[in-house]
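Structure first, commentary second.
Quick note: the coordinates plus some simple rules give every number you see, no bench work behind them. Please read all numbers here as calculations on a predicted model, not as lab measurements. FYI the Cβ positions are ideal-geometry reconstructions off the backbone, even for glycines, and counts take in every protein chain you see.
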Amino acid sequence: MPATIYEKLFSRLADLIAFENAPEGSVFCATPRLVGDLAVYCHVSAAEGSMRIIEMADDNPKTGALPRPWLKIRVDVSNHIAEVLEVEDAFGYQIVYSAPMQINPRRPQINMFALNWLYMLAKFTTGFQRLETSPAAI
């Protein structure tokens, strides 16, 4: 049973996305269960050894632009932990580590937000399926 928020975040991601062996550039999509809801895209933007950087965006056309990463998560596959690095939420765009030894004071809330959001994503989507396309095509 996961004990820390970082272990829980990893566990929730692993339930949704087959990222453990996904190479850099892999793209996944979670389609909505209901017509009209948002689809969510996941992009493995970096992969080195057991580390992955996963970026997530929805297809909300609020700005008229293509989806952009609004949640960036660092995943350590070998230690089964994950942590949010960047997020765009009701507080705006936030970076967790803005400089060495400068940690966003909202770090725990940001990670809890991501964990809760992923829980809801599991309830309202069909799950992530790997796409055979480049991230630029999304």
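Could you compute how fast the chain diffuses translationally, taking Rh as the Kirkwood radius over C-alpha pairs and applying Stokes-Einstein at 20 °C with viscosity 1.002 mPa s? Give it in µm² per second.
Numbers: Rh = 15.3 Å.
It diffuses with D of about 140 µm²/s by this estimate.
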key: Inter-probe distance in nm under a simple model that places probes 7 Å from Cα toward Cβ, at Arg33 and Asp15   = 1.3
key: In sequence order, calculated HN-Hα J values of region 26-39 (Karplus, 6.51, -1.76, 1.60; Hz; x Gly/Pro)   = 5, 10, 10, 9, 10, 7, x, 6, 10, 4, x, 6, 7, 8
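Show me 10-18, 101-109 ranked by packing, highest mean number of other Cβ atoms within 10 Å first.
Details: 10-18: 18.2, 101-109: 11.7.
Result, highest mean Cβ count within 10 Å first: 10-18, 101-109.
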Residue-wise HN-Hα coupling along region 5-17, computed from phi with Karplus coefficients 6.51, -1.76, 1.60 (Hz; x: Gly, Pro) = 4, 6, 5, 5, 5, 4, 4, 5, 4, 5, 5, 9, 10
key: Charge-dipole axis of the chain as Lys and Arg at +1 and Asp and Glu at -1 on Cβ define it, positive-most pick from Gly127, Asn111, Val75   = Asn111
Backbone HN-Hα couplings from phi across region 75-81 [Karplus 6.51/-1.76/1.60, Hz, Gly and Pro as x] = 10, 9, 5, 5, 9, 6, 9
task = List the residues whose amide H sits under 5 Å from the amide H of Gly127, counting only those 5 or more places along or on another chain, with H placed 1.01 Å from N in the peptide plane.
result = Thr31
